[in-house]
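Please read the structure below before turning to the comments.
The values are calculated or read from the model by the stated rules, or taken from the named source; none is laboratory data. Here the structure is a predicted model, which means the values were calculated and not measured. As a convention, Cβ positions derive from the backbone with ideal geometry for all residues, glycine included, and neighbour counts pool all protein chains shown. Remember, those area values only see protein heavy atoms, side chains included, never the ligands or the DNA or RNA. Shrake-Rupley method; radii C 1.70, N 1.55, O 1.52, S 1.80 Å.
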Amino acid sequence: MHAFVDESRRNDTYYLGAALVDPGVLVPLRSLLRGLLLPGQRELHFQRETPQRRRLVLSRLVDSGVRVDVYRANCRKSEEWARRTCLERLVNDLLDLRAARLVLDSRTGRDHHDVRTIRDVLGRRPSESGLSYEHFDSTGDPLLWLADLAVWSHGAGGDWGRRVLPLIGSVVRLDWP
């Protein structure tokens, strides 16, 4: 299993999405996503898409069988704290799933925070730490777009939350009392 991770923030809620992709569908899923690009477009980023395009993309992906797990935390303390909290839980969950690879959307200048968090978790579970990880720019791998569109839609709620629901595997609330 490979996981492709991106984030979204709505007010005081931080969302981290992890698209879980079986290695056997990596290539066809990348092709599907690239096929959704408009001429001249280098990536799908839901915040910048029109509502009509969002609806089209979501409807095409619902049929793909993609699963995106959502981790959410309150970020009133700090966004970096919320990300660390979500990422720690995600890495533990990936280790439980025996995932092979974790790809995170790069946050220029802040990737070292993720590396430290991941190493901390892997250090607590050394016998299970076969997970490789790396950061890519969102134009570097279309599978990162899956997490973006899922957490954007989930966080928006309403009709967008309803439309993305078939893609959502689980929602882990890390700020729940």
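A few comments on the model shown:
- In the context of the full protein assembly, Arg30 retains an accessible surface of approximately 40 Å², using a probe radius of 1.4 Å and ignoring ligands and nucleic acids.
- Considering only Pro166, Leu29, His2, and ranking their Cα positions along the charge dipole of the chain that arises from unit charges at the beta-carbon of Lys, Arg, Asp and Glu, the one farthest toward the positive end is Pro166.
- Nearest-10 value in Å² for the accessible area of Leu144, using the 1.4 Å probe: 0
- Extent along principal axes [Cα atoms of segment 104-153; Å; largest to smallest]: 34, 22, 19
- Average 1/r across all pairs of distinct alpha carbons in segment 69-156, invert it, and you get the Kirkwood radius: 13.8 Å.
- Sorting Trp81, Trp152 by accessible area puts them as Trp81, Trp152; the probe is 1.4 Å, largest comes first, and only protein heavy atoms count.
- Across q = 0.08 Å⁻¹, the chain modelled as identical point scatterers on its alpha-carbon atoms has Debye log10 I(q)/I(0) values of -0.22, in the order of the q list.
- Dimensionless Rg ratio for segment 1-86, taking C-alpha atoms and the 2.2 N^0.38 Å reference: 1.23
- Overall form of segment 6-56 per C-alpha gyration tensor (a/c, 1.5; a/b vs b/c): oblate
- Volume in Å³ per residue [convex hull over Cα atoms, computed for segment 131-177]: 130
- Spin-label pair Arg48/Arg125, simplified geometry with 7 Å Cα→Cβ offset, distance in nm: 3.5
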